[in-house]
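Worksheet: the structure to be examined is printed underneath.
The values are calculated or read from the model by the stated rules, or taken from the named source; none is laboratory data. None of the values given here were measured: they were computed from a predicted structure. Counting neighbours? That spans all protein chains shown, and the Cβs are built from the backbone with ideal geometry, glycine included.
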Amino acid sequence: MSVSIALLGAMAVLYACGVYLLLDKSVTRIIIGVLLIGNATNLLLLSLAGPPGAPPIAGSGTSSDPLPQALILTAIVITFAVSAFLMALVYRSWRLAQEDRVERDAADVAIGQGDAPEPEEASADEESEFDRPGAEQ
Amino acid sequence: MTALVPLVVILPILGAAGALVASGRPRLQRTIAAVTLTAVLGIGIALIAAVADGGMLVMPVGGWPVPFGIVLVVDRLSALLLTVSAAVLLAVLVFSIGQGIADGDDREAPVSIFYPTYLVLAAGVFDAFIAGDLFNLYVGFEILLVSSYVLITVGGTEPRIRAGTTYIVVSLVSSTLFLAAVGAVYAATGTVNMAQIAERVQALPPGVQVLLHVMLLTAFGIKAAVFPLSFWLPDSYPTAIAPVTAVFAGLLTKVGVYAILRTETTLFPGPELNPVLLVVAGLTMLVGVLGAIAQADIKRMLSFTLVSHIGYLIMGVGLGTAAGTAAAIFYTVHHIVVQTTLFLTAGLIERRAGTTTITRLGGLLAASPLLGVLYLVPALNLGGIPPFSGFLGKLGLLEAGAAANDPLTYAVVGIAVLTSLLTLYPLVRVWNVSFWRPAAQVAEGSRLTDELHEDPFRPATVDTRSLAAPMVLATAGMVLLGVGITVFAGPLYQYASDAGATLQDWPVYVRGVLGR
């Protein structure tokens, strides 16, 4: 099976950027990371469909493989639904706390800190990308 | 009989649509949801009866000939898990009706979307159990995951959004890996039909086989919460509302275990990765139970014991023998029921006492002896005290392990025994501190809880309310179901043994699906 080097390169770049963004604490970046990784996987499936240029309909010699395309369509729909949900989630998080960072689990922090749990410490070590207005809206 | 197979997915989807249309009328919604799940439970029992003699029901969807179209397959394992899941989903539904899915700060929870989403989740779980091709399994996983995203964040409070984000991102990574694995399997074998993959995978170079095998196992391992891929579970499950946590704990990880079982028995029946599975199983058991000992919150403690007991299931799969597989199947059924029951009981404690943090609890036995029974029976069952089904399942696993003649398996058997003992400690501590300790002594503290740390962010609301009858009935029903598994353990274990023997003989599955 021959693979287009351009598709392969694009896939590698998308995976790399996607994983990098996914590891961020900001949910907005995580969403972009999810989208990139989703598209990288679609490219992976596309490159399994064989070389480009084959006719889509069977009966005229070698036709292109329809199954990976069906898989990609399903995957696109699923990624779409999940990103819509994640965006709703980040909006809700913004409305509630005026920030879009993923905090550490409070009970984990308490166990990790031993005898004197200090609630303030968990969120103080990194600054938010947004300005934090003091008052709740 | 074959015509019943797609109904287990179609009915919940239609029910969800109906419940969504009836969103302004809670009573109608509940009726639709209850009727749908009861119908699926009935179909599940009929399917068990149909396949109990070793037959398989194969349904090519849309009339496409088998290797080309989507195929739904029901064998003994699928039918059993389908029925148990339907029973658990029904019981939790009754519980949630009684609870009104509102406790503490959730009084504004959008009730109208709860039942439709719950039915979609059910459809996803059932679809995963009867999927005959890898991509349909992926779709089943996605259906249940997307609805679980909604359920885990229902109410949209701050801790839930935080926990939900972790859960969603981890699930997305696992799904992407699974999708890439499906693509790679298709590229290597030219099919996504599980029976055909099983036939063709033997001819692949060993390196390619291991690559595909590891990709699938990693994706499923995240879903099943196998150490070291289990960190997300105790982080996210306890924050959800009680019925959601209960149903997630009972079913979602087991769908992952089911996928691992299928991978190990049908797709890659070779023993190459069995030692890896055994090591991972041992670590999962030990790390899970040690985590449970450090928790002050009952729900968090139960989440860690959940992770720990996934280790037992993986151990059964990793043994790679018919006896091991049979014990894993029996233990899966037992664990679905018992873990769900314990989380429902935790929900009852939360409703009765206003909190699930054991340092604040006391005098529960005097306040509600029934609650004591509902906690103690499943707790002893989970801890593996004879004569309960937990003991029988563990005994089966240990016997299957002891039959193997190598040091690694013996070590894992030893860890399993140790874990069983350690599991009792946090469970009995909850009993001693929350049920036996007089309520007046709560302020003094207890030597048993000296080393525990409460969640500093959790509001110390102590909002005691009486228990709603459906909540108690549902939990009592689940406790009885757990006892029923113990009473009818003989026939059930026989059924699991038959299922395990068939699974280990993978050409049976291939012949059954491809009709040769």
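For the reader, a short list of remarks on this structure follows.
- Pick from segment B:418-440, criterion loosely packed, with under 13 Cβ neighbours inside 10 Å and closer than 25 Å to residue B:383 by Cβ, ranking: modelled with the lowest pLDDT: B:438
- Positions within segment A:31-41 being more than 9 Å from chain B (Cβ to nearest Cβ) and not aliphatic (A, V, I, L, M), in sequence order: A:39
- Within segment A:75-107, if we keep just the residues that are surrounded by 17 or more Cβ atoms within 10 Å (Cβ to Cβ) and hydroxyl-bearing (Ser, Thr, Tyr), the residue that is modelled with the lowest pLDDT turns out to be A:93.
- Scanning segment B:126-140 for residues that are assigned to a helix (DSSP H, G or I) and either of a type outside the set (A, V, I, L, M, F, W, C) or over 21 Å from residue B:62 (Cα atoms) (or both) returns B:127, B:136, B:138, B:140.
- Looking across segment B:153-162, the residues that are facing chain A (nearest Cβ under 9 Å), surrounded by fewer than 24 Cβ atoms within 10 Å (Cβ to Cβ) and not in a helix (DSSP H, G or I) come down to B:156, B:157.
- Segment B:460-473, subset assigned to a helix (DSSP H, G or I) and at pLDDT below 85, residue farthest from the chain's Cα centre (by Cα): B:469
- Applying the condition of being within 14 Å of another protein chain (Cβ to nearest Cβ) and free of Cβ contacts under 8 Å to residues at least 40 places away in the same chain to segment B:187-204 and asking which residue is farthest from residue B:60 (Cα to Cα) yields B:204.
- Sole exception among (1) aliphatic (A, V, I, L, M); (2) within 10 Å of another protein chain (Cβ to nearest Cβ); (3) over 21 Å from residue A:90 (Cα atoms) for residue B:208, by number: (2)
- Complete set of residues in segment B:220-236 that are within 16 Å of the chain's Cα centre (by Cα) and either within 14 Å of another protein chain (Cβ to nearest Cβ) or among the β-branched types (Val, Ile, Thr) (or both): B:222, B:226, B:230, B:232, B:233, B:234, B:236
- Scope segment B:126-149; condition more than 10 Å from every other protein chain (Cβ to nearest Cβ) and of a type in the set (Asp, Glu); matching residues: B:127, B:133
- Number of the exception - residue A:28 against (1) assigned to a helix (DSSP H, G or I); (2) away from chain B (no Cβ under 11 Å); (3) more than 22 Å from residue B:152 (Cα to Cα): (3)
- Lone unmet requirement of (1) more than 18 Å from residue B:476 (Cβ to Cβ); (2) crowded, with 23+ Cβ neighbours inside 10 Å; (3) away from chain A (no Cβ under 14 Å) for residue B:300: (3)
- Restricted to segment B:318-415, the set of helices (runs of 4 or more DSSP H) holding at least 2 residues that are without any contact (Cβ under 8 Å) to a residue 60 or more places away in the chain and of a type in the set (Gly, Ala, Ser) comprises B:369-383, B:389-403.
- Residue that is nearest to residue B:112 (Cα to Cα), among those in segment B:13-65 that are of a type in the set (S, T, N, Q) and under 23 Å from the mean Cα position of the chain (by Cα): B:36
- Flag for residue A:47 being more than 12 Å from every other protein chain (Cβ to nearest Cβ), under 30 Å from residue B:190 (Cα atoms) and at pLDDT 65 or above: no
- Summed over segment B:216-235, residues that are of a type in the set (Ser, Thr, Tyr) and part of a helix (DSSP H, G or I) total 1.
- Of all residues in segment B:163-174, those satisfying the criterion of being in contact (Cβ under 8 Å) with a residue 40 or more places away in the chain and either facing chain A (nearest Cβ under 8 Å) or in contact with a strand residue (DSSP E or B) (Cβ under 7 Å, 6 or more places away or on another chain) (or both) are B:163, B:164, B:166, B:173.
- Of note, residue B:251 does not satisfy the criterion of being away from chain A (no Cβ under 11 Å), outside any helix (DSSP H, G or I) and on the phi < 0 side of the Ramachandran plot.
- Residues satisfying the stated conditions in segment B:48-59, i.e. under 12 Å from residue B:5 (Cβ atoms) and touching a Leu at 6+ places or on another chain (Cβ under 8 Å): B:50, B:51, B:57, B:58, B:59
- Test: residue in segment B:115-129 that is surrounded by 24 or more Cβ atoms within 10 Å (Cβ to Cβ), of a type in the set (Phe, Trp, Tyr) and modelled with pLDDT under 90: yes
- Flag not set for residue A:35, criterion: of a type outside the set (Gly, Ala, Ser) and either surrounded by 19 or more Cβ atoms within 10 Å (Cβ to Cβ) or more than 10 Å from the chain's Cα centre (by Cα) (or both).
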